[in-house]
Structures are given as C-alpha cells and as structure tokens.
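Accompanying notes for the structure given below.
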Amino acid sequence: MNLVVDIHSHSGYAGGVGQIELRSVSRTMKLKGIDVFGTGDCLFPPRTADLRRMLKEASQGLYALPKDKCSFILQTEIIFSTKLKHKKNKTLAHHILLFPDFKSISKVQKLMSKWNMKNTIGRPFITSNSQTELEDQLFEIGNVDPYLEIIPAHIMTPDGILGSKNDLSEIFEFYGDYCKKISAIETGLSADPAMLQQIPDLVDMTFISNSDCHSAALNRIGREFTILDVEKRDYHSIIEAIRKNNVILTAEFNPAEGRYFMTGHRSDRKGHFYDTILQNVKCGEPICPECKKKIMLGVKDRCDQLTNRSIVPTKRDFIHLIPLIEVIAASQNIRNINAKKVKKIFGAIMNIFPSEIALWQSDSIQVMLDKRVDEKTINQILAVQKGDYTFQPPGFDGRYGKLIIGEGK
Ligand SMILES: [Zn+2]
Ligand SMILES: [Zn+2]
C-alpha cells in the first residue's frame, strides 16, 4: 500500500516560531494528504514529555492523538560535529533520527548524557573528539534498536554532510564504517533527485524528501514528501520500505526556490548595490566581484562539483511541487497566504478535492473547479501542474526564490 510520509520537522522548541500544536499539525496533514508526519525534537526532554502525554500508539511504532487518524512517527534532528584530521575546520552534519518507541528515546537520551552534547534548541548537538569516537557513537545509537534509523538530512545544504562548508569528497571520511548502516539520504529543499543521481556516494542510496518545517502552515507541512510502498501502516514497514528503496515517488520543492540554490550575494549585504549571482562556478570558494569576499558555493554548483557524468543513474520518480496556498495567493496578486480571500479559495477547493495531493494528481482539475473557483486561480494551478513557472531570481544567499507562474519556462 502507498503511504505519504513527511518525516522531518521541528517543534516550537526549535525557536523561530510559536508552539506548534499537534492538533493544528493534524488538521494541516489532512488538508495536504499526509499520512505520517515526524514529530520533531523528540529527544528534547520537555518535548518528549509533551509527546508522551499527548500521543497514543495506534499501530506498531506509529502514534496518534485521541480520536484522530493522522499518524506521527517519533523523530528528531541531530547534529554531529568533529574535527577530521585532514580538515582545517570542524566538519558538521545534520541527521534525521527515527525511533520505534519511547523506550529507545530514553535509551538514547541516557547515552547522550555521557557525551559532549548540547541540547538547547530542541535538537541535540554532539561534538565528538575524533572521527573514531563519532563512529562509535553512531554505532551505539544504532545498537539501541535494530529499527532505529539515522538518515543524513538535506545533504547538500551548508549544514549537510556533502555541503560546500564541509567540502568532503565522500561521506566515508565522516562516517567511516557506519556508512554500511546508512541506507537513505534526504534530498533537501535546494536539491532534487536529478541533481543528486550521479554523485558516486549516493547511487545505491534511497532518496527521501521531507518538509523540514518549523510551522504547521499550509505552505510548510508537506512542501516536500515521500510516497512509500509499505506492507503495513506501521513503523517497521516504513523503515523496511526506506531501507529497500521502495519509494514510489518523492515530491520535491523546486530546487531553484531553495534558499541555497545558486552561488551569490544579495544586494542588501554591506558593500553591495546589486544581486550578484555567479554562473557555473567550478572552484570551492569563489570570490565575490562586488565585496571581494569569499562566497559560499550554492547547492547547484556543489552538486556539479561532485557529479560523475559517466554514472548510469538509478531510476527515481519525482515531481516538483509548489504549495497550493502559494499558487492561490500568486493568482490573486496577494502576498499574504493568510489573507481571507486566499483562505476562502483554498477552502472552496478543499470542498471539491479530498486533499491537496489529490488535486495535484488529478487530470480533471479544469472540469472539477470550473465555475466554482476563480478562473485566474484555475489557470495558474494548471500552469503549475504543467511545470510552466520559474523562480526569478532563484534562491540564493539564504533567501527563497521568487515564484513567477505561467510565462513559459
Ligand atoms: Zn537541519
Ligand atoms: Zn559579495
């Protein structure tokens, strides 16, 4: 059976947003069509307590709110950092951690209490004394339960394992023998399978995609997701599907919209009058022609650096996605996705389609929405479904790309 999962998120403890109520998360999940959602921050003790109090196990390893069908998977992000012998700076990488039950959460919390660990903003930050210590720690976490899964997160962003800051040529430099236990990676918002499929380290990996969201908003939850082919709707089946690459498709944020897609500096940086975007950068840290400082390599150029064109890619189905609420807002020339008019149109569409995912997968949008939804909105939804849109400028220097719909690609 198909299961739509979005299994990397953050709670209100991660800062930047207010408390994220699981009730509002579940409401958004239903509208979007997400079956299983990652709780976020499950190793952060106050959050662990909240989750224990609010959630009940509904099927093996999947949890739910009382009288609610949406499933939650116990999940956190975790950061490992160490100084590798051959590198000047520390190497650091974000990971998704998935847990089969609260018992294994307690065990990992106990393990980490003996390590050099900081956990102040919801996600543990572990500093290991050496690569060997890091490798041992990963094995210790992995040994807590055979179904505990560690997945390198948004691998190409500056905080991802293969990102430009770390400048590793292969993940073995960081994980050592733990590499054998890593079966999946997360593509991240600024990369899609097409950009990653010819990177030698990733050829045999499962690619999954998640929203990594910090809010329950309609343009955050499910902005990326993965459809898995699972035997049963339970935790073990999800992990099996991830390990065996039983991925039906990943729905990807358009990489050009991602905040680190291109290599460049924004005009509002000190010493800048214009946006500077460099094209096809080959070297590691190019110099900005305006401020003469180093520019961090964007994800596109970083992927090109690691790509080996002679590799025959594994077949991977994926689609690009723009949140419906953003398409509606753009069609009405409204910036605020929370505007009354935008929400009203969204509500009208949700009375016609069972979920947003169902809408994007439908081939009868025109017929279904005709005369019931504003024509401009219908046209822009159809344009997005056809892929007729761009981001101008694309995402770079930490800010998202600007969406332009329907002017030909
Ligand atoms: Zn992260
Ligand atoms: Zn600059």
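The values are calculated or read from the model by the stated rules, or taken from the named source; none is laboratory data. Remember, predicted model here, so these are calculated numbers, not experimental data. FYI the Cβ positions are ideal-geometry reconstructions off the backbone, even for glycines, and counts take in every protein chain you see. Each accessible area value is taken on the protein alone, full model and side chains, heavy atoms only, with ligands, DNA and RNA left out. Shrake-Rupley method; radii C 1.70, N 1.55, O 1.52, S 1.80 Å.
Here are the numbers for this structure:
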{"item": "Residue check for Ala64: surrounded by fewer than 21 Cβ atoms within 10 Å (Cβ to Cβ), in contact with a Ser or Thr (Cβ under 9 Å, 6 or more places away or on another chain) and without any contact (Cβ under 8 Å) to a residue 24 or more places away in the chain", "result": "yes"}
{"item": "Residue ID - farthest from ligand 1 (Cβ to nearest atom), chosen from residues in the stretch 271-294 that are among the charged types (D, E, K, R) and either at pLDDT below 90 or buried (at least 23 other Cβ atoms within 10 Å of the Cβ) (or both)", "result": "Lys282"}
{"item": "Verdict on Ser183 being within 17 Å of Arg316 (Cα to Cα) and away from ligand 1 (no atom under 16 Å from the Cβ)", "result": "yes"}
{"item": "Residue tally, condition out of contact with any Gly (no Cβ under 6 Å at 6 or more places or on another chain), open to solvent by 50 Å² or more (accessible area, probe 1.4 Å) and part of a loop (DSSP other than H, G, I, E, B), over the stretch 77-128", "result": "9"}
{"item": "Checklist (1) open to solvent by 10 Å² or more (accessible area, probe 1.4 Å); (2) at pLDDT below 95 applied to Glu135, failing item", "result": "(2)"}
{"item": "Filter result (among the small types (Gly, Ala, Ser) and within 16 Å of ligand 1 (Cβ to nearest atom)) within the stretch 121-163", "result": "Gly122, Ala153, Gly160, Gly163"}
